[in-house]
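Report on the following structure.
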Amino acid sequence: MLRAEGRANVWRAMRKSIVDQERVSGIGLTKEELQRYSRHLIMPEVTIEGQKRLKAARVLCIGAGGLGSPAALYLAAAGVGRLGLVDFDRVDLTNLQRQILHGTKDIGRSKLESARDRLRDINKLHDCYFSSENAEQIVADYDVIVDGSDNFATRYLSNDVCVFAAKPNVYGSVFRFEGQTTVFAPQLGGPCYRCLFPEPPPPESVPNCAQAGVLGVLPGIIGMLQTIETIKLIVGIGEPLIGRLLHFDALKLAFRELKLRRDPQCPVCGENPTIFAPIDYDQFCGARNDEASVPGISVQELKGKMDAREPFELIDVREPFEFEIARIDGAKLIPLGEIPERADELDREQTLIVHCHSGRRSAQAVRLLKQRGFAKVCNLEGGIDAWSDFIDPTVPKY
Ligand SMILES: [Zn+2]
């Protein structure tokens, strides 16, 4: 096995494309392509050889959202021969502030269909939830993976399957006004995601875009940086962001670079790995199973109880600023973080129905209240989002 210092130089020693050379040599460029890519071809770092590598390359974008949009658009424009997109989501009005693959006319459509209309030469669409059952099979067809996912379950899954398959995983994430990117590639001398974070954080501690917000242009910048790294790995030029993490602060307009090290104890790429197969991360990342594990009530059932004037108390565990944007009439606001000290304000004999934005934080609140002896408490499935979708469209979505 290579020692750590040895590994750090693998890429430098290799100095070649991650794309199989035999595949590249079977590729030619048409007259139209020579003209289309002429601004690449005239650079001695790229030339016809580099453009052929791009044409021979197979890139998978996980997610056709904020990060995946600019990545897919520019990868297609750069002449990447095979571009795969995996996403199961549909376009929502709140996506359009940053997900530039999609337009107003696409609201309600599958993100993949919308992407197909925008992208030239898109080859493969994987209309599925990227899961432990299909991840290895999907990744197997590609040379490099651009991770544009927005949740920990997918992030850990894409990391692990990329390590198993020895494929570079170009990572990006955004949060409010900040973003970061790096290339995870243990086979090229760098760490993997688990070298830094061996286990996912508890679900309730991690706000997503819907809870924390994100400056619309920010995923554009991070997604483009991921694209640059992808192109460098394919063409075989420059110093890739392996073992380095680039952090971007939009408010200060400052980039900062952090050194990343491989962890020899890493459970997936370390010397004595303990993870050999994709795990069903949802079980501990929370998103769906977390909600399934507490008693729930649908928005239709809640409406029925309201219409029948049944006695219950509706508790909203979102933040005050969210309450300002949208609320369900009659709800009492107790932000999730205040539940432990304010639980005594609530009537233990009363039926309590708890809601948040999408049902995740409220599931956590239901668990907290049950621990404190509240017996008649349940979670509003889908949260105020579902209420707006199915019961009262005058409640704004955000
Ligand atoms: Zn690792």
Is there a residue being under 26 Å from Thr94 (Cα atoms) and within 27 Å of the chain's Cα centre (by Cα) anywhere in the stretch 302-315?
no
Residues of the stretch 20-35 satisfying the condition of being among the charged types (D, E, K, R) and touching a helix residue (DSSP H, G or I) at 6+ places or on another chain (Cβ under 9 Å)
Asp20, Arg23, Glu33
I want to confirm something. Restricting to the stretch 154-187 and keeping residues that are of a type in the set (A, V, I, L, M) and open to solvent by 10 Å² or more (accessible area, probe 1.4 Å), which single residue is nearest to the chain's Cα centre (by Cα)?
Val174
Among (1) of a type in the set (Gly, Ala, Ser); (2) buried (at least 19 other Cβ atoms within 10 Å of the Cβ); (3) at negative phi, which single condition is Gly359 missing?
(3)
Among (1) more than 26 Å from the chain's Cα centre (by Cα); (2) more than 17 Å from Val377 (Cβ to Cβ); (3) open to solvent by 50 Å² or more (accessible area, probe 1.4 Å), the one test that Gly337 misses
(1)
Looking at the stretch 235-271 only, could you name the residues that are closer than 30 Å to Gln51 by Cα, within 22 Å of the chain's Cα centre (by Cα), more than 15 Å from the ligand (Cβ to nearest atom) and open to solvent by less than 50 Å² (accessible area, probe 1.4 Å)?
Pro240, Leu241, Leu246, His247, Phe248
Please work out if Leu368 is in contact (Cβ under 8 Å) with a residue 24 or more places away in the chain, among the hydrophobic types (A, V, I, L, M, F, W, C) and open to solvent by 10 Å² or more (accessible area, probe 1.4 Å).
yes
Which of the residues that make up the stretch 80-125 are open to solvent by less than 80 Å² (accessible area, probe 1.4 Å) and assigned to a helix (DSSP H, G or I)?
Thr94, Asn95, Asp106, Lys111, Leu112, Glu113, Ser114, Ala115
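Let's see how each residue does on (1) touching a strand residue (DSSP E or B) at 6+ places or on another chain (Cβ under 8 Å); (2) on the phi < 0 side of the Ramachandran plot; (3) in a loop (DSSP other than H, G, I, E, B):
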| site | (1), (2), (3) |
| --- | --- |
| Leu302 | yes, yes, no |
| Phe321 | no, yes, no |
| Ile328 | yes, yes, yes |
| Arg342 | no, yes, no |
| Ile353 | yes, yes, no |
| Arg367 | no, yes, no |
| Cys378 | yes, yes, no |
| Ile384 | yes, yes, no |
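The values are calculated or read from the model by the stated rules, or taken from the named source; none is laboratory data. Model, not experiment: these values are computed from the prediction. As a convention, Cβ positions derive from the backbone with ideal geometry for all residues, glycine included, and neighbour counts pool all protein chains shown. Ligands, DNA and RNA are stripped out before the accessible areas are found, and what is left, the full protein with its side chains, is counted by its heavy atoms. Shrake-Rupley method; radii C 1.70, N 1.55, O 1.52, S 1.80 Å.
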